[in-house]
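What follows is a short report on a single structure.
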Amino acid sequence: MEGMTIEEGAPPGRPDDRRDLLPAGITIAATLLVIPSGWTVISSLHRSLLGELSVGDNLMVSVLLLNIALTLLGWRRYRALKAEVALHRAAEARARELAASDPLTGLLNRRVLAEGGARLVESALKCGRTVAMLMIDLDHFKSVNDLHGHAAGDQLLRAASEAITAPLPPQAITARLGGDEFACAFPFDPSLPNTVNNVADAIIARMAEPFLIGGVEAQIGASMGIAQTGAGCRTIDTLMRRSDIALYAAKRAGRNQRAWFDASMERELELRNEIELGLRAGIPTGQIVPWFEQQVDLASGALIGFELLARWEHPEQGVLEPALFIPVAEESGLIGELSMSVMRSALEEARHWDPGLLLGVNISPAQMRDPWLAQKIVKLLTESNFPAERLEIEITEAALFENLGFAAAIIDSLKNQGIRVALDDFGTGYSSLTNLRALPLDRIKIDHSFVIQMAGDADAAALVRMIISLADNLGVAVMAEGVETDDVRKMLIGLGCVAGQGWHFGKPGPARATRALLAERGLLTAASPSAVAGETVSIRQGRKKRA
């Protein structure tokens, strides 16, 4: 298999063979003694036949027998020691092999790839050639591993390693870096840049085909980052770092594709890391705060609730939009902590609203993989003393049908606690009527991309009409997102949609602006923060007048 062509320097010295010398010397000496002793004994035997055997002849026979015994013992010990040394040498060879390779796939490991890659780069630069590094990450491997077990996952990794190495040129070195990540490097003629693209495309095309694992077809894919030696990249460390950055860009672009490194990717990664560090510091200190977008009755304009949004009140950059930090939170595994923190603040705020107002909370697809999600939400409701029937959890269509069985279990748990569930961004995924009928949904939300275009696009208007009709047939309420003009509002009313949200009714605002809006409409309870603040102001003003 490719990847095992790198020698790890000079092999260690052989084990000390001086243990062989003593038994070998004894054997040789005994053998040499047997020869003259044997001749003397033959003479003694002849005299014995003539009846002339002496005491000296008996002694020589004894010496001969002792020499024979010593010869046999020495030879046996010598053979045992030779076998032991052979086993020791084989074990050392196996240890060297394991130290240089991945035991599952037989490819090189990360350390040896770095050592061999350094020699490869040095050799290529001397010959005027360029080295390409392909960093490969298997898409959806974890799903296969979780669904079919670790044994199937191991088989898939071995099959994938063979698929990766198959199109590589003879001088390529290949390694498994860990998990489902691989890397390969090979020299090529810089005047033929398509050489690298052809190899990369062949690998990606094969990885997109099904793998037969234990009689089951496993469908995965591969994302690939590519970098090459050149100006500013003349070491294996730089080459690996650049290809890793390009891999990150390929995964962000949608997976199952390749991306060549360019300098802008490095800056994007630095920015992404800055955002992640900022989130790790900002979430615990309450920098991620709730904002609220109105949800209204389209006919009367009456408030029926708010959708919770997140904003980052950055200490240096001001208020940041979620599009900047939510993707980073999802990739870094911080989305659960962020969501729970913002939801806690929002529940505390909404607890003081009019009891008829709902709070819609959007759940990230990453959170839908958490088996304890429903329990965490119920815990927040209990701690905040917020009625479960006033909370509406919004689940995107894509997240719902990524793992329908698992998502259905979470929805059932939420519904059992009295929490409402809405299907968000409807129309952007691949929901089937059968699946929709099987789920206990309270509301379907039409994606804003269709609503915004419906006034000037007949196809978008037709799609909105179909979604409203589908929801009506299922007996599920419907809400339109992205209502930005009065014409769209009227069109939706004509199609039978009774609820909506969008900038036509007001832009999202922070908690203090929402309190002011509700206070103006008389929709705050007496115990609300703004009501208490209002009473305090009235008392102070009364005292000033009396003074």
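The values are calculated or read from the model by the stated rules, or taken from the named source; none is laboratory data. In this text the structure is predicted, and so the values were computed from the model without any measurement. Heads up, the Cβs are rebuilt from the backbone with ideal geometry, glycines too, and the neighbour counts pull from every protein chain shown. Remember, those area values only see protein heavy atoms, side chains included, never the ligands or the DNA or RNA. Shrake-Rupley method; radii C 1.70, N 1.55, O 1.52, S 1.80 Å.
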*Can you name the residue in the stretch 262-287 that is touching a helix residue (DSSP H, G or I) at 6+ places or on another chain (Cβ under 9 Å) and part of a loop (DSSP other than H, G, I, E, B) and, of all such residues, is least open to solvent (accessible area, probe 1.4 Å)?*
Ile283
*Only one of these conditions is not met by Asp297: (1) farther than 27 Å from Ala519 by Cα; (2) surrounded by fewer than 16 Cβ atoms within 10 Å (Cβ to Cβ). Which number is it?*
(1)
*Quick check: anything in the stretch 456-465 crowded, with 20+ Cβ neighbours inside 10 Å and part of a loop (DSSP other than H, G, I, E, B)?*
no
_What's the number of the only condition in (1) over 18 Å from Pro327 (Cα atoms); (2) open to solvent by less than 20 Å² (accessible area, probe 1.4 Å); (3) outside any strand (DSSP E or B) that Thr238 fails to meet?_
(2)
_Residue list for the stretch 159-176, restricted to those being surrounded by fewer than 21 Cβ atoms within 10 Å (Cβ to Cβ) and of a type outside the set (Ser, Thr, Tyr)_ = Ala159, Glu162, Ala163, Ala166, Pro167, Leu168, Pro169, Pro170, Gln171
*Within the set of pairs 6 or more residues apart or between chains, which connect a residue that is open to solvent by less than 40 Å² (accessible area, probe 1.4 Å) inside the stretch 117-139 to a residue that is charged (D, E, K, R) with Cβ atoms less than 6 Å apart?*
Met135/Asp244; Asp137/Glu181; Leu138/Asp180; Asp139/Arg255
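Residues checked against (1) closer than 17 Å to Ala511 by Cβ; (2) in contact with a strand residue (DSSP E or B) (Cβ under 9 Å, 6 or more places away or on another chain); (3) of a type outside the set (Val, Ile, Thr); (4) without any contact (Cβ under 8 Å) to a residue 12 or more places away in the chain:
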| position | (1), (2), (3), (4) |
| --- | --- |
| Glu276 | no, no, yes, no |
| Gln294 | yes, yes, yes, no |
| Leu298 | no, yes, yes, no |
| Phe306 | yes, yes, yes, no |
| Ala310 | yes, yes, yes, no |
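Inside the stretch 173-218, counting only strands (runs of 3 or more DSSP E) that do not spill past its ends, which hold 1 or more residues that are touching a residue at least 60 places away in the same chain (Cβ under 8 Å), farther than 19 Å from Lys142 by Cα and more than 20 Å from the chain's Cα centre (by Cα)? Break it down into steps so the answer makes sense when it comes.
Values: elements: 173-178, 181-188, 211-213, 216-218.
In the stretch 173-218, 173-178, 181-188 are the strands (runs of 3 or more DSSP E) which contain 1 or more residues that are touching a residue at least 60 places away in the same chain (Cβ under 8 Å), farther than 19 Å from Lys142 by Cα and more than 20 Å from the chain's Cα centre (by Cα).
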*From Asn197, Asn109, Asn145, which residue is within 23 Å of Cys233 (Cα to Cα), open to solvent by less than 40 Å² (accessible area, probe 1.4 Å) and at pLDDT below 90?*
Asn109
_Pairs with Cβ under 8 Å, 6+ apart, first in the stretch 243-258 and on the phi > 0 side of the Ramachandran plot, second open to solvent by 10 Å² or more (accessible area, probe 1.4 Å)_ = Asn256/Ile204; Asn256/Ala208
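Per-residue answers, yes or no, for (1) out of contact with any Lys or Arg (no Cβ under 7 Å at 6 or more places or on another chain); (2) aliphatic (A, V, I, L, M):
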| site | (1), (2) |
| --- | --- |
| Asp201 | yes, no |
| Arg206 | yes, no |
| Ile213 | yes, yes |
| Glu217 | yes, no |
| Ser223 | no, no |
| Arg234 | yes, no |
| Leu239 | yes, yes |
*Considering only the stretch 394-410, how many residues are touching a helix residue (DSSP H, G or I) at 6+ places or on another chain (Cβ under 8 Å) and within 18 Å of Leu358 (Cα to Cα)?*
1
*Please tell me if Lys415 is among the basic types (Lys, Arg), at pLDDT 90 or above and open to solvent by less than 20 Å² (accessible area, probe 1.4 Å).*
no
*Would you mind stating whether Leu320 is open to solvent by less than 40 Å² (accessible area, probe 1.4 Å), farther than 21 Å from Ile411 by Cα and in contact with a His (Cβ under 7 Å, 6 or more places away or on another chain)?*
yes
*Where residues in the stretch 352-380 are among the charged types (D, E, K, R) and modelled with pLDDT of 95 or more, which of them is nearest to Ala249 (Cα to Cα)?*
Lys376
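Condition check ((1) touching a strand residue (DSSP E or B) at 6+ places or on another chain (Cβ under 7 Å); (2) hydroxyl-bearing (Ser, Thr, Tyr); (3) more than 28 Å from Leu524 (Cα to Cα)) across all residues:
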site: Glu348; (1), (2), (3): no, no, no
site: Pro371; (1), (2), (3): no, no, yes
site: Thr382; (1), (2), (3): no, yes, no
site: Ala422; (1), (2), (3): yes, no, no
